[in-house]
Amino acid sequence: MGLSRNQIKNLVNVESKKFNAPPSRTIKKRKFEGEEQPAFPFMKKPLREPQPPKRGKSVSAAEIKCSDATRALVRERLLEAFTKVAGEVEDMEKKVQVSACDPVGVAVSVESVLYKNMGPSKGAKAAVRYRAILFNVKDPKNPDFRRKLLLGEVKPETLVTMLPEEMASDDRQTQNKQIREDALAKIPDHSAVDEKESECDAR
């Protein structure tokens, strides 16, 4: 049995509504510098890539102070020495490396390592060690040592066992090496002496 006229009319109305239905709502996007971002301002923007920090932990000038006045004094003396390095280096590559350092952060870091390994500078043995380190760091004739310490070429941990000769400037270490070699050259060769004695005994 076929469909009635009213049924056919109803089917046509249903199908026409499907074709005439409004399109679904979509979120438009716009591009910024090669990236897709929502067109609405409340959407989060992509985070920027973090910039590499300067060498040494970033520490403000106020943080060089601490509750222990003795420790603060050691930090201040180290900082005083490290701030001289920028005006002492002549090599352009070294200048760039020094400019990337944080003297305050390095001073705090070095003092913290010394305090952790040697304790306060008031102790009998520690006082001598602290005095030797600070003397070499601040020595006007020894810019090499404070530069190496600032740039990390000399690790703070090694200061605990480093000899005064090892803290000396490059020129001084070269001189000391030459003195040792000259002294060794003056010592007679034991093998040659033994050979001469054996020849005398044979006669």
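The values are calculated or read from the model by the stated rules, or taken from the named source; none is laboratory data. Computed from a predicted structure; not experimentally measured. Cβ: placed from backbone, ideal geometry, glycine included. Neighbour counts: every protein chain shown. Just the protein is used for accessible areas: all its heavy atoms, side chains included, with ligands, DNA and RNA removed. Shrake-Rupley method; radii C 1.70, N 1.55, O 1.52, S 1.80 Å.
Beyond 23 Å in Cα-Cα separation lie the following of the pairs Lys65/Lys95; Lys148/Lys186; Lys94/Lys138; Lys95/Lys148; Lys84/Lys122: Lys65/Lys95; Lys148/Lys186; Lys84/Lys122. Shape of the range 72-175 from the C-alpha gyration tensor: oblate (a/c of 1.5 or more and a/b not above b/c, with a ≥ b ≥ c the square roots of its eigenvalues). Suppose R0 equals 25 Å. What FRET efficiency, 1/(1 + (r/R0)^6) with r the Cβ-Cβ distance, do Lys84 and Asp170 give to the nearest 0.05? The value I calculate is 0.90. Note on Met92 and Asn117: their simple-model spin labels are 3.6 nm apart, each label 7 Å out from Cα toward Cβ. With protein chains left intact and a 1.4 Å probe, residues in the range 62-198 average 62 Å² of accessible area per residue.
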